[in-house]
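Trainee: Could you have a look at this structure, given as structure tokens, before my questions?
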């Protein structure tokens with residue numbers, strides 16, 4: 001039987017689910033699999049582009065540039081607004097408008113990655129699950145809409161920490177909660193921010209559908225996720 005812990009990087013309030021299982025008893029086993037949200041659980045690129053373009057349009061600003069699209073994909077909403085509104089005189093007005101702007105119409109545009117649920121079911125046979133991300137207030141709504149709320153034991157978002165990714169605070173909080181060490185975990189992400197996050201936390205990095213990143217392992221589809229976990233558990237991979 002494979003024992004591991006899943007941790008997903010998804011923005012939302014920290015949430016715990018009691019569980020009596022103790023998968024970390026055997027030090028030879030993987031105990032934590034941590035995920036990023038945007039670009040890993042979901043293809044949310046078009047949703048995020050539409051969201052930020054709507055805010056830009058409200059203030060008569062041009063649409064996102066290709067460089068800005070890449071930036072908003074992996075940064076917090078506050079960081080993204082500051083980036084795309086560079087030179088704008090009233091950033092507080094932008095922040096006020098964004099706080100009251102309804103993100104729910106854009107959630108339906110987020111496309112769940114293929115084989116995600118099968119991979120989660122495989123892991124949950126004997127694993128804890130959790131989530132952590134640079135999303136903030138939209139995290140819970142995203143999970144609710146896509147029916148994934150009950151699939152994670154812990155949710156950590158940028159709203160729950162003082163320093164978002166790539167600072168390791170989110171992962172430190174996760175490891176502390178489950179009383180684990182960095183060597184007990186792997187982290188699945190798709191961006192440079194995720195790459196730096198894993199490095200800062202001292203956790204092996206699995207690059208998801210992005211071979212341009214520097215990673216310990218590469219995963220091109222969640223269909224191959226069970227084999228990756230089996231090989232890591234059995235010590236077949238370095």
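The values are calculated or read from the model by the stated rules, or taken from the named source; none is laboratory data. Since we're looking at a predicted model, the values are computed, not measured. As a convention, Cβ positions derive from the backbone with ideal geometry for all residues, glycine included, and neighbour counts pool all protein chains shown.
Trainee: Quick one: is residue 183 without any contact (Cβ under 8 Å) to a residue 60 or more places away in the chain, in the same structural domain as residue 119 (by TED's automatic domain parsing) and surrounded by 20 or more Cβ atoms within 10 Å (Cβ to Cβ)?
Mentor: It is false that residue 183 is without any contact (Cβ under 8 Å) to a residue 60 or more places away in the chain, in the same structural domain as residue 119 (by TED's automatic domain parsing) and surrounded by 20 or more Cβ atoms within 10 Å (Cβ to Cβ).
Trainee: Of these, 85, 171, 101, 106, which one is in contact with a helix residue (DSSP H, G or I) (Cβ under 6 Å, 6 or more places away or on another chain) and more than 20 Å from residue 39 (Cβ to Cβ)?
Mentor: The conditions single out 85.
Trainee: Just checking, which of 56, 5 is at pLDDT 50 or above, surrounded by 24 or more Cβ atoms within 10 Å (Cβ to Cβ) and farther than 15 Å from residue 106 by Cα?
Mentor: The unique qualifying residue is 5.
Trainee: If residue 159 meets every condition in (1) surrounded by 17 or more Cβ atoms within 10 Å (Cβ to Cβ); (2) modelled with pLDDT of 95 or more apart from one, which number is that one?
Mentor: Residue 159 satisfies every listed condition except (2).
Trainee: Could you look through the stretch 19-41, keep only residues that are under 23 Å from the mean Cα position of the chain (by Cα) and modelled with pLDDT under 55, and pick out the one that is surrounded by the most Cβ atoms within 10 Å (Cβ to Cβ)?
Mentor: The extreme case among them is 23.
Trainee: Which ones in the stretch 196-227 are assigned to a helix (DSSP H, G or I) and crowded, with 21+ Cβ neighbours inside 10 Å?
Mentor: 197, 198, 201, 222, 225, listed by residue number.
Trainee: Same structure, new question: Go through 106, 97 for me and flag whichever is out of contact with any strand residue (DSSP E or B) (no Cβ under 7 Å at 6 or more places or on another chain), crowded, with 20+ Cβ neighbours inside 10 Å, more than 21 Å from residue 164 (Cα to Cα) and at pLDDT 95 or above.
Mentor: Every option except 106 fails the conditions.
Trainee: When you check residue 118 against the structure, is it under 20 Å from residue 189 (Cα atoms) and either touching a residue at least 24 places away in the same chain (Cβ under 8 Å) or in a loop (DSSP other than H, G, I, E, B) (or both), yes or no?
Mentor: yes
Trainee: Tell me whether the stretch 176-195 contains one or more residues that are in contact with a helix residue (DSSP H, G or I) (Cβ under 6 Å, 6 or more places away or on another chain), in a loop (DSSP other than H, G, I, E, B) and farther than 21 Å from residue 125 by Cα.
Mentor: Yes, some residue in the stretch 176-195 is in contact with a helix residue (DSSP H, G or I) (Cβ under 6 Å, 6 or more places away or on another chain), in a loop (DSSP other than H, G, I, E, B) and farther than 21 Å from residue 125 by Cα.
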